[in-house]
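K.L.:
This structure is in structure tokens; I'll ask about it shortly.
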Amino acid sequence: METKVTSKPKSNGVMNGGARIVVDDDDDEVLSPTDLSEMLAEGTKDAHDRAENCQFVKDFLRGRIKRELFKRGTAALYFVYSAMEEEIEKNKDHPQIAPIYFPAELHRREALGEDLEYFYGEDWQTQISLSAGTKPYVDRIHEVGEQDPVLLVAHSYTRYMGDLSGGQILKKVAQRALKLPSTGEGINFYQFEGIHSHKGFKQLYRSRMNELEMDTETKERIVEESNKAFGFNMMVFTELEEIGKTIKEEVQDAGLGHSHAEIMEGGDINKCPYYAAKMAASGNTTYACQLAMMLLRHPPCQVALAAWVAVLAGFTAWYLL
């Protein structure tokens, strides 16, 4: 794989400073089932499905977000990333951590601080605290950082790769549903200024993980830890869901959300004919009209419609004669 670097220096331990890394998207990876990235993808599939089906996540994806919950979720992430990046920094020279050490490109603590200042004001640090649902997650990160640093690979993979994938859809949902400024205030967490291509960087990151020298047992332990990370995230979601039941706040813009399929593909669910058809079948006239309009944009449908109109015109002419 060819890795290109712009005029700014890289920051993953190769050169000093904070670099923008650009990786060719066209390079095809030759992967093996024993590669760590493949083991993680396969081994965390069920945990990923459970996490995405939490009610809080489903509501978020549909655009049903309460501003107070979004603020609290941002605070929870601040504590999680502060712990993770503190332990990564302590272990940046560890042989299994150094190759995936990209502080300028990935670290989120500063961005989360900016978001919290936007929501809470300059004294935001006095207004947030580590919640009961987030504390086990933070404690576990510190534990592995101190006792078994190689497991930080699992936490780093679970969070950062998710942020570069589904997180980009969540950014759009939050910005629209909460009517956040188009200039990015409140969603700095989701913006990776040092990464030119999310797809390319994820490819580079997976490649670096797969090159880590470790035996099968260690890889399996990393997969197990990644599943634990998903579990900790679900604890945070569940806590937010319960808090949400006590908050009397109007949902911002329901219906402006996205599905998991969109997260994987990066498209717009409102442009998906299958989703529109499903909604139309349920009696939603808005989606019925939307489905019709989408179908009319496709050449085969245009031809069929033209043929149908021609037949109808022929029958009308015959009847009038």
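The values are calculated or read from the model by the stated rules, or taken from the named source; none is laboratory data. Because the structure is a prediction, the values reported are computed rather than measured. Ideal geometry is used to build each Cβ from the backbone, glycine not excepted, and the neighbour counts take in all protein chains shown. Each accessible area value is taken on the protein alone, full model and side chains, heavy atoms only, with ligands, DNA and RNA left out. Shrake-Rupley method; radii C 1.70, N 1.55, O 1.52, S 1.80 Å.
K.L.:
For the stretch 133-187, name all the residues that are open to solvent by less than 30 Å² (accessible area, probe 1.4 Å) and outside any helix (DSSP H, G or I).
P.N.:
Once the filter is applied, which keeps residues that are open to solvent by less than 30 Å² (accessible area, probe 1.4 Å) and outside any helix (DSSP H, G or I), the stretch 133-187 yields GLY133, THR134, LEU178, LEU180, GLY184, GLY186, ILE187.
K.L.:
Also, I was wondering about something else. Considering GLU87, GLU117, which residue is surrounded by fewer than 17 Cβ atoms within 10 Å (Cβ to Cβ) and either aromatic (Phe, Trp, Tyr) or part of a helix (DSSP H, G or I) (or both)?
P.N.:
On the way: GLU87 fails: surrounded by fewer than 17 Cβ atoms within 10 Å (Cβ to Cβ).
None of the other options fit; the residue is GLU117.
Let's see how each residue does on (1) touching a Gly at 6+ places or on another chain (Cβ under 7 Å); (2) of a type in the set (A, V, I, L, M, F, W, C); (3) open to solvent by less than 30 Å² (accessible area, probe 1.4 Å); (4) under 27 Å from HIS196 (Cα atoms):
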site: LYS58; (1), (2), (3), (4): no, no, no, no
site: ARG67; (1), (2), (3), (4): no, no, no, no
site: THR74; (1), (2), (3), (4): no, no, yes, yes
site: LEU77; (1), (2), (3), (4): no, yes, no, yes
site: TYR81; (1), (2), (3), (4): no, no, yes, yes
site: PRO99; (1), (2), (3), (4): no, no, no, yes
site: ARG109; (1), (2), (3), (4): no, no, no, yes
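K.L.:
Turning to a different aspect of this structure: Please work out which one of (1) outside any helix (DSSP H, G or I); (2) over 16 Å from GLY63 (Cα atoms); (3) modelled with pLDDT of 85 or more is the condition LYS228 fails and give its number.
P.N.:
Status for LYS228: all satisfied but (1).
K.L.:
Considering the stretch 193-202 alone, what residues qualify as being farther than 15 Å from SER156 by Cα and either of a type in the set (A, V, I, L, M, F, W, C) or part of a helix (DSSP H, G or I) (or both)? Show your work before the answer.
P.N.:
Quick first cut of the stretch 193-202, residues farther than 15 Å from SER156 by Cα only: 193-200.
Across the stretch 193-202, the qualifying residues are ILE195, HIS198, LYS199, GLY200.
K.L.:
Next question, about the same structure. If a residue has to be in contact (Cβ under 8 Å) with a residue 24 or more places away in the chain, within 17 Å of PHE189 (Cα to Cα) and not aliphatic (A, V, I, L, M) to count, how many in the stretch 87-117 make the cut? So that I can check it myself, show each step before the final result.
P.N.:
At the first step, the residues of the stretch 87-117 found to be in contact (Cβ under 8 Å) with a residue 24 or more places away in the chain are 87-88, 90-92, 94-109, 111-116.
Going one step further and asking which of them are within 17 Å of PHE189 (Cα to Cα), we end up with 102-109, 111-116.
If we keep only those that are not aliphatic (A, V, I, L, M) too, we end up with 102-103, 105, 107-109, 113-115.
Going through the stretch 87-117 one residue at a time, the tally reaches 9.
Quick grid of which residues meet (1) under 26 Å from THR218 (Cβ atoms); (2) of a type outside the set (A, V, I, L, M, F, W, C); (3) at pLDDT 95 or above:
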position: ASP28; (1), (2), (3): no, yes, no
position: PRO33; (1), (2), (3): yes, yes, no
position: ASP46; (1), (2), (3): yes, yes, yes
position: GLY63; (1), (2), (3): no, yes, no
position: ILE88; (1), (2), (3): yes, no, yes
position: GLU114; (1), (2), (3): no, yes, yes
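K.L.:
Then there is this: Of (1) modelled with pLDDT of 90 or more; (2) touching a Gly at 6+ places or on another chain (Cβ under 8 Å); (3) among the charged types (D, E, K, R), LYS10 satisfies all except one. Which?
P.N.:
(1)
K.L.:
Quick check: anything in the stretch 120-130 free of Cβ contacts under 8 Å to residues at least 12 places away in the same chain, touching a helix residue (DSSP H, G or I) at 6+ places or on another chain (Cβ under 6 Å) and assigned to a helix (DSSP H, G or I)?
P.N.:
So far as the stretch 120-130 goes, yes, one or more of its residues are free of Cβ contacts under 8 Å to residues at least 12 places away in the same chain, touching a helix residue (DSSP H, G or I) at 6+ places or on another chain (Cβ under 6 Å) and assigned to a helix (DSSP H, G or I).
K.L.:
Sort out which residues of the stretch 207-234 are closer than 28 Å to ARG72 by Cα and either β-branched (Val, Ile, Thr) or crowded, with 17+ Cβ neighbours inside 10 Å (or both), and write them in order of number.
P.N.:
Answer for the stretch 207-234, where residues must be closer than 28 Å to ARG72 by Cα and either β-branched (Val, Ile, Thr) or crowded, with 17+ Cβ neighbours inside 10 Å (or both): GLU225, SER226, ASN227, LYS228, ALA229, PHE230, PHE232, ASN233, MET234.
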